[in-house]
Structure formats: C-alpha cells, structure tokens
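Visitor: Take a look at this one; I'll ask things after.
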Amino acid sequence: MRRIVVVPLLALSLPALASADPHPIIHYGRDFVVSSSCAGGAEDALPPLVTIADDYRLKLYLNFDGAKLTNGGNDSAANKTDLINPATLDYPALDWQGYGGKEKALPLVIDELKLLFLNYAVEFVTERPASGEYTMAMVGGIGDGCKSGGPGTVGIAPLDCKNSRKNDVVLVFGNKVSGSPRQLAYVIAHELGHSFGLEHVEEQKSIMYPALNGATCCWMTSNVQPPSTCNRTSQDDAKVLTDNLGAGPGDQIAPKVWFVRPGAGATLPPSFSFEVAAADDLRIHHVVISVDGEVKLELRDPPYAASVADLSPGEHTLRAEVYDWKPNTTSIEIKVVVDPSCAGAGSCWAGPLGIGGECAAASDCASGLCLKKAGELARCSESCDPATKLCPTGTSCETAGDRPVCAPGPGWTLEAAAEGGGCALAPARPELLPAALLLLLVVLVPRRRAPRG
C-alpha cells in the first residue's frame, strides 16, 4: 500500500528574507517535502527505474499564468495535486513586476533553467503540451491554501525517488521569492529536483541545499540530510538526474565573439582601450583577453571592455577567447600597430569597427554592415543565424533589408558594403576614441587610407 509521508524538518523564518545581507537567504520549504514510497520505505519496494529512450525528452511545463487546481492525485494534465488543502484552489499567476517585468525576466529564467538541465533529457516549454506526459511547475502565489510548514516556505514538491511518474506537479511560491530571475530559476530547479528523485543535501553550494544563498551554483555530490526517504547516505545530483531523466545532448552551440574596437589593422598610441562583444544561445561564462600570447585579464560580465597601457611600438596581436558554461569556446585575433607619434601626426586610426561600433557608412565596419534608424546612432552590425539567434547583449537577431543581422531591435535599415572588387575610403571624420584616450590626445584626425582596388 502506498502512503504519503510528510518529512518534518525545520524552517527558516521570513525575517531572514528582509535581511540587509547582500546574499539574502531564500527558503525552499525545507520543512515540507512530500514523498511517495511504500510502507516501510524500502528501496527495493519502489518502482523499477524507467528506461528512457535516447530520443525521449520529458517536457517541463513552466506555468506562470495560474490555474485552478483540484485536490487529490498528482496529474499535471488535469491540474490535480495533493499539495493543496482545499478541494479546489485558484493558484495565482506570477507577478513579474517583482522581477523587473516579464519581457526582461522570463527569458533569463528559462535560459538559467536550460543551463542547469542541459545535460539531461528534458525540454522546457511555457505552453501546455497538447498531449503526452509532462511535469508542471506552477509558479506564482505566496503559498496560501498550499501545504507548507512555515512562513518561510517558498516551494513544495513530491519526492519521487525513481522519477516513476512523469506527470508530477510542483508548486513554487514565486510571488514570495521576488528577487532576481536567477534566484527564481534556482527555486524552480530545486522543486523540480525533488520530483526527479533528489533529496536535500548538506552542501550549501548545491541546488538541493534547502536554502538559497550566495554560494548556490549547481548540482553537486554531497551527504543527504537525514532522514533519507530514498535510502541514501550521499547523493550525486548529476547521476540521479541522468539515471532518472536520461542523458541530454548538452550544449552543442559554441559562443560567438567580436572586437567592437579597435578594428583589425588599427594604428594606435601605446595606451588604448578595447571592447569585445560576445553572445551565446544560453549565457557567456567569461572572456579572456591576451596580448601577444600573454593573458592580460579575464572579464566576467558585459560590457567586456578594459584598457592596455605602454605597449611597445610595432605590430601586436590582440586575442579574445569566449567561454560558455559547458564550456565551449571560440576565439578571434586581430593585429594592430602601435605608433607613439600617431596622435601628434594625426594618423591614429581605430580600424574597421566591430558589432556595436558607431558607423557613418558600411565601409566603417569590419563586417561591411551598418544599421541605420531615424533618431538613433548608426551602428555596425553582424550577420546572425535565425536558428541559433546568437547576438550580443542588447541586440537580437532581426531582419533588416533581406538578411538576418544583430540589431538593437526591429525597424532598422541596413547599408551593406558592395561585395567583390571596387574601391573604398576611410570615413572623412574623426574616429570616436574612448574617453580615456581623449584626455591624452589633443588632436584626433583619422588617417585617410589609400583607395583599394
């Protein structure tokens, strides 16, 4: 006979949420985890591990819009759950204002969840699947009417040791969390983790630790917090997820990286600044900048901009290497020339600009693509793949003219340099150099390049 086992555990209180600590503690609902197990809790009495075909992807339906839940059973398609107290409950939709607005926050939540589950056979959707089994995460409300053990609880889920049911319902009290999109994603991942067979652990960095903190990062191996319903003393999060969900394809899309400034062939003074743009289908981890093969710095957050000083006269190689979270990596190199006299001679030249650089014509841009829009500064662009839509932060893959390019939004027109032979001149206007250089240089006049062709 099956029974529902309530594991009594201690809870954090709400005052912890109001702490001035820069890493506020968010409570997962440590006091109330529901377990489906057989009488006596014997591991061998649980259903056998379900074999998952290589091409099977369990759909994870993220329901942010609210729903009418019915007490009894555990069926995502019928909105039935044992996690509520009344016979029926109108579960509220998520208030996105607590996360900076839906348009901004929703993609960040989904991208974070994709990162966390990219090695497992799951697929996140925000529309209810028309058929088939799927797990549903109800995200919204503050827990009113739900079974929870204390005011600090922000989520509740069935603990399914073998993931024998694919139609679980988990509840996340998203309107109580109200923080960063990443925090919300961690809470959702934690509750989904229970439905996939993960228990609470002692390692504070693990997603399955019962309270979110500044160290929370990933799935880990750790001792299980007693008592264990699944009869474990330790838990390898990744192994449990792989066993219970199947292995996913991982992150097969490498990031992209561009030099915004300087451009290839630029003539620069010994000290100058640079900027790199990077993009990934999920998220950039970091960018490494090297000069002549020597690593100079590692940049973790955009904008990826910094400066180098006192380079010797002559040719130098700048290299930017970008990593995503797998990690996949992509790199780009450009050569520039340092000339200490270029400022006084008026021959400093920033070179053809990368994506995001201000352009007057398509010939200003390394890509030969200049975006223009009334009332906006013209910017260099870059072609993008409509399938992956990889573009730097602040831009998206849009159609301008008849080609997909990275743009700051829709409505831009595209000026493209002519392909093939012909001649081109550098723009007859001062290059826009960084403010740090403007303090050093009295006169900036671009070097007029001889016509090519």
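The values are calculated or read from the model by the stated rules, or taken from the named source; none is laboratory data. Bear in mind that the values here come from a model prediction, so they are computed numbers and not experimental data. When we count neighbours, we look across all protein chains shown, and the Cβ atoms used for this are built from the backbone with ideal geometry, even at glycine. Just so you know, the surface numbers come from the protein's heavy atoms only, side chains and all, with ligands and any DNA or RNA stripped out. Shrake-Rupley method; radii C 1.70, N 1.55, O 1.52, S 1.80 Å.
Visitor: Where only protein heavy atoms count, and the probe is 1.4 Å, what is the accessible area per residue for segment 49-172 in Å²?
Guide: Accessible area per residue: 42 Å².
Visitor: Right, next: Relative contact order, percent, of segment 302-413 when contacts are C-alpha pairs under 8 Å separated by at least 6 residues? Mind dumping the intermediate values first?
Guide: Numbers: 170 pairs, mean separation 16.3, N = 112.
For segment 302-413, the relative contact order is 15 percent.
Visitor: Right, something else. Where Lys and Arg each count +1 and Asp and Glu each count -1, what net charge lies around residue 234 among other residues with Cβ under 12 Å from its Cβ?
Guide: Spelling it out: positives minus negatives among the neighbours equals -3.
Visitor: Right, another one. Report the net charge of residues surrounding residue 407, where surrounding means a beta-carbon distance below 12 angstrom and charges are Lys +1, Arg +1, Asp -1, Glu -1.
Guide: Neighbourhood net charge equals +2.
Visitor: Packing-wise, with mean Cβ within 10 Å as the measure, how do 393-399, 358-364 rank, highest first?
Guide: For the peptides 393-399, 358-364, the packing ranking is 358-364, 393-399.
Visitor: Further question on the same structure: Here are some pairs, 114/372; 147/326; 80/205; 239/296; 296/335; 104/147; which of them have Cα atoms lying more than 28 Å apart in this structure?
Guide: From 114/372; 147/326; 80/205; 239/296; 296/335; 104/147, over 28 Å: 114/372; 147/326; 80/205; 239/296; 104/147.
Visitor: Same structure, new question: Remind me, relative contact order of segment 145-258 in percent, using alpha carbon pairs under 8 angstrom and six or more residues apart?
Guide: RCO, segment 145-258: 20 percent.
Visitor: Counting only protein heavy atoms and a 1.4 Å probe, tell me what percentage of segment 185-330's accessible area is made up of carbon and sulfur.
Guide: Result for segment 185-330: 49 percent of the exposed heavy-atom area is carbon or sulfur.
Visitor: Same structure, new question: For segment 75-212, rounded, prolate or oblate, judged on the Cα gyration tensor with a ≥ b ≥ c (square roots of eigenvalues), a/c < 1.5 rounded, else prolate if a/b > b/c?
Guide: Rounded.
Visitor: Ok, one more. How many angstrom separate the Cα center of segment 137-209 from the Cα center of segment 245-323?
Guide: If you average the Cα positions of each part, the centres end up 38 Å apart.
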